[in-house]
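What follows is calculated from the coordinates using simple rules that are stated; it is not laboratory data. Keep in mind the model is a prediction, meaning the values are calculated, not measured. Counting neighbours? That spans all protein chains shown, and the Cβs are built from the backbone with ideal geometry, glycine included.
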Amino acid sequence: MADALRVKTFRSPDGKRRIEILNVGNGLFRFARSEFVLSRDEIDRQNHGEGYWTIETPSGLYSSAEEAEAGARAETSWMQELPR
């Protein structure tokens, strides 16, 4: 996934999760889910601005960015609330 090009990013209404639609080359696309996690130091200080994104296992491959987005919407409940 390191060489994938980000096509589109969707953020959850609470800002803690995101879905990225990625062009992985050779005419193929996938989506990847991420969740924002606060570092332990930031939680201890109650300064909720610093942290990092964790990446879940990416989806399978799709033949277009639109198909990857449709797959992400079908599998991710909060995306169904977002406008198309």
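Tell me the net charge near Met79. Cut-off is 11 Å between Cβ atoms, Met79 excluded, with +1 for each Lys or Arg and -1 for each Asp or Glu.
+3
Electrostatic tally near Phe29: other residues with Cβ closer than 13 Å to its Cβ, Lys and Arg +1, Asp and Glu -1, net -1.
You can think of it this way: the chain between Lys8 and Glu50 has 12.8 nm of extra reach, that is 0.36 nm per residue less the Cα-Cα gap.
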